[in-house]
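A.B. asks: Below you will find the structure I want to go over with you.
Every number here is computed from the coordinates shown, using simple stated rules; none is lab data. If you're wondering where the values come from, they're calculated on a predicted model, not measured in any experiment. Here the Cβ is made from the backbone with ideal geometry for all residues, glycine too, and neighbour counts use every protein chain on show.
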């Protein structure tokens, strides 16, 4: 389904802390329901391209949750303030306006679209990259797809979004396993340690791995899945000025040479469509 | 209704080459794009004789009120463009201007001849100023080279030939005069300014190519000054661009001698910026502006 043509002004409904990150929500009265893995281009209506001239370009942010609200949708976004754009988004106040374009890009395919006969899904998220997996997890769980969710964080400060993976009782969903490099939660080490252990099981080849996170983690997931012959779908990130194929900034090398445009050819790519997830274009 | 070199346009706002992929935008936004197409004419991305993959990432970098890019002219090459893209671009509701670039006069001639004979094409823009490709700098930096190129290409078509000027020269007006004397029908300016930035994370250049072209509101005063100088030097029409984000910005370019204006980087921030700028420029929006009288450019 196409995105509504052009950008539209949406109102901030809420902005709350979630661990070391922020979750803000927007009321979107026009857009179609996004698929997990899709993203929006976002820019605050005020304080964007203002003093100092930055942030200037809108920021591409994956949608973490979408639910009917009033006469439209309430969209939730998980953000970590790492630069002028995300800092400004972290400071959004309820009632403020945000320019929004989207939903853009492709979403995660259903397990059986990715792998005929797939028996389940393994979701692997790292850091702020857990966001699109939250919406994916909810959709798969509602359809009764057998699931495992592996989430990794660097340390307490660089973690958050877990409330997006909670059931109605407020507890973390039982299928979620955590890893942290500092050991503050779950397995001490990398989330890919958990994935490697899981992929050594007999039934791993019938699962589809869905992943989003920092480049080094995504590359480790891509390699693990390639080595074990497991289907993978990776949500990548890239510098992006426009989100709709105009700027050609979000180039990702293809294995056979040439480049993909992540905004219109992704952001979700099959593991075999990616040569290497390198920090150079993340 | 503006007349540009004999082409009737619905308004005065077009796109800067390489800043809008109408085919990708149509896939993203659907046919709503065609019902309110943002530009009065569509300028294609630059076509080269052979296909190009473009530059290695990282390709873009945000700067104060602007951005650097080093995209590297990815395109399907002449044959791919004519076979695959041109029929789809012909479905756009506006006249089509095709941008071409080559590294020799002979290759430029091949492109112009092949593109001009297609009835879908209303005009041709000669990219002699792309700062990412060495050949562009050489021709567009030299008034004599620019004149010689225009002179060589002029007999190949009766369709308007537009020379896109580079701002990275001491005297852009002299290059514009070369284009006019060679028989060009119009000039467009400015292309991006050469620029660079340091990536604090790596301690090296922010872009893989080492440098790029600066665009956005940061370049607007440079563009206006160069437009004014060019407008005073030539009598052929000028297409003005460089950081236009509103009708008020566009009106400044009209006052400095632009027949048409182009929107580039602002389309990245607002996919319908072209329509908005046009409506503001023609006074059709609350934020509309008076179209100013042409300044005394002498």
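A.B. asks: Please compute the average number of Cβ atoms from other chains found within 10 Å of each residue's Cβ in peptide B:61-67.
C.D. replies: Numbers: counts 3, 11, 4, 7, 6, 5, 6.
Mean inter-chain Cβ contacts per residue within 10 Å come to 6.
A.B. asks: Right, here's the next one. Could you identify which residue out of B:198, B:126, B:161 has the top mean-square fluctuation in a GNM of chain B using Cα springs shorter than 10 Å?
C.D. replies: B:198
A.B. asks: A further question follows. Within 10 Å of each residue's Cβ, count the other Cβ atoms and sort A:219, A:33 from fewest upward.
C.D. replies: On the way: A:219 19, A:33 14.
The fewest-first ordering by Cβ neighbours comes to A:33, A:219.
A.B. asks: Be a star and scan segment B:13-41 for residues whose amide nitrogen sits under 20 Å from the point 7 Å along the Cα-to-Cβ vector of residue A:2.
C.D. replies: B:15, B:19-41
A.B. asks: Another question, then. Can you tell me what share of the DSSP beta bridges in the protein assembly as shown is antiparallel? A percent to the nearest 5 is fine.
C.D. replies: 55
A.B. asks: Nearest 10 degrees, 0 to 90: what angle lies between the long axis of helix A:131-142 and the longest principal axis of chain A (Cα atoms)?
C.D. replies: 60
A.B. asks: Taking Cα atoms, how many degrees apart are the long axis of helix A:215-228 and the longest axis of chain A, rounded to 10 and kept between 0 and 90?
C.D. replies: Approximately 30 degrees, to the nearest 10.
A.B. asks: Within segment B:83-127, name every residue whose backbone N is under 14 Å away from a label modeled 7 Å from Cα of residue B:10 along the Cβ vector.
C.D. replies: Backbone N within reach: B:91-96.
A.B. asks: Pop the C-beta distance of residue B:31 and residue A:113 into the FRET formula with R0 = 25 Å and round what comes out to the nearest 0.05.
C.D. replies: For residue B:31 and residue A:113, the calculated efficiency is 0.45.
A.B. asks: Cα atoms only, segment A:111-235: Rg and Dmax in Å?
C.D. replies: So, for segment A:111-235, Rg and Dmax equal 13.4, 40 Å respectively.
A.B. asks: Here is a follow-up. Given points 7 Å out from each Cα along the Cα-Cβ axis, report the residue B:225 to residue A:216 separation in nanometres with one decimal.
C.D. replies: 4.6
A.B. asks: Give me the inter-chain shielding for B:172-182: mean count of other chain Cβ atoms within 10 Å, whole number please. If you can, show how the numbers build up before the last one.
C.D. replies: Values: counts 0, 0, 0, 0, 0, 0, 0, 0, 0, 0, 0.
Going residue by residue through B:172-182 and averaging, the value is 0.
A.B. asks: Next question, about the same structure. Within 10 Å of each Cβ in A:48-57, how many Cβ atoms from other chains are there, averaged over the peptide? Walk me through the numbers before you get to the answer.
C.D. replies: Numbers: counts 1, 7, 1, 1, 2, 8, 5, 1, 12, 9.
Counting Cβ atoms of other protein chains within 10 Å of each residue's Cβ and averaging gives 5.
A.B. asks: So what's the gap between the Cα centers of segment B:175-203 and segment B:217-233, to the nearest angstrom?
C.D. replies: Answer, in whole Å: 12.
A.B. asks: With springs only between Cα atoms under 10 Å apart, run a GNM on chain B and tell me which of B:170, B:278, B:116 wobbles the most.
C.D. replies: Judging by the Gaussian network model, the answer is B:170.
A.B. asks: A follow-up question, please. Could you tell me whether chain B comes out rounded, prolate or oblate from its Cα gyration tensor? Rule is a ≥ b ≥ c as square roots of the eigenvalues, rounded for a/c under 1.5, then prolate if a/b exceeds b/c, otherwise oblate. Present the calculation step by step, with values, prior to reporting the outcome.
C.D. replies: On the way: a/c = 1.10, a/b = 1.03, b/c = 1.06.
Rounded.
A.B. asks: Over chain B, what is the mean sequence separation of C-alpha contacts under 8 Å (at least six apart), divided by residue count, expressed as relative contact order in percent? Working shown, then result.
C.D. replies: Details: 700 pairs, mean separation 53.6, N = 298.
Worked out over chain B, it gives 18 percent.
A.B. asks: Treat each spin label as a single point 7 Å out from the Cα along the C-beta direction, and report the residue B:91 to residue A:82 distance in nm.
C.D. replies: Between residue B:91 and residue A:82, the label points sit 3.8 nm apart.
A.B. asks: How big is the antiparallel share of DSSP beta bridges in chain B, given as a percent to the nearest 5? Don't skip to the answer; put the middle values down first.
C.D. replies: Numbers: 15 of 39 bridges.
That works out to approximately 40 percent antiparallel.
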